[in-house]
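The structure appears below as structure tokens.
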Amino acid sequence: MELKNFMEDIVLSKMEEVLRQYPNCCTCENCKRDIAILALNHLPPRYISTEKGQIFARVESMGSEYAVETVTQIADAIEIVMAHPRHEANK
Ligand SMILES: [Zn+2]
């Protein structure tokens, strides 16, 4: 049996949508990873077992339940990363 924190999938699927509201935020892989980590550390993990073919349907149906808190945490994470990027700002 394998377990998966499906909040990871929800954060990753919502992140692009939230990033569009922050056109000044860097979207390099490093910054996107930092945003995902920050958001996930502020969200309670929700574990599911990873039976083939079921993950996607469950993320779709359960994702909407957590959409608001997920988007809020992603937005907070974006603001933190924008204020403290781990690399020089692109000019
Ligand atoms: Zn970056």
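The values are calculated or read from the model by the stated rules, or taken from the named source; none is laboratory data. A quick note: this is a predicted structure, and the numbers were derived from the prediction, not measured. A quick note on method: Cβ atoms are made from the backbone with ideal geometry, for glycine too, and the neighbour counts reach across all protein chains shown.
Here are the numbers for the structure shown:
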{"read-out": "Residue within segment 23-38 that is away from the ligand (no atom under 16 Å from the Cβ) and either at pLDDT 90 or above or in contact with an Asp or Glu (Cβ under 7 Å, 6 or more places away or on another chain) (or both) present", "value": "no"}
{"read-out": "Tally, over segment 1-34, of residues that are part of a helix (DSSP H, G or I), over 27 Å from Glu88 (Cβ atoms) and of a type in the set (Lys, Arg)", "value": "1"}
{"read-out": "Counted residues, segment 1-31 - those being closer than 18 Å to Ala75 by Cβ and under 12 Å from the mean Cα position of the chain (by Cα)", "value": "13"}
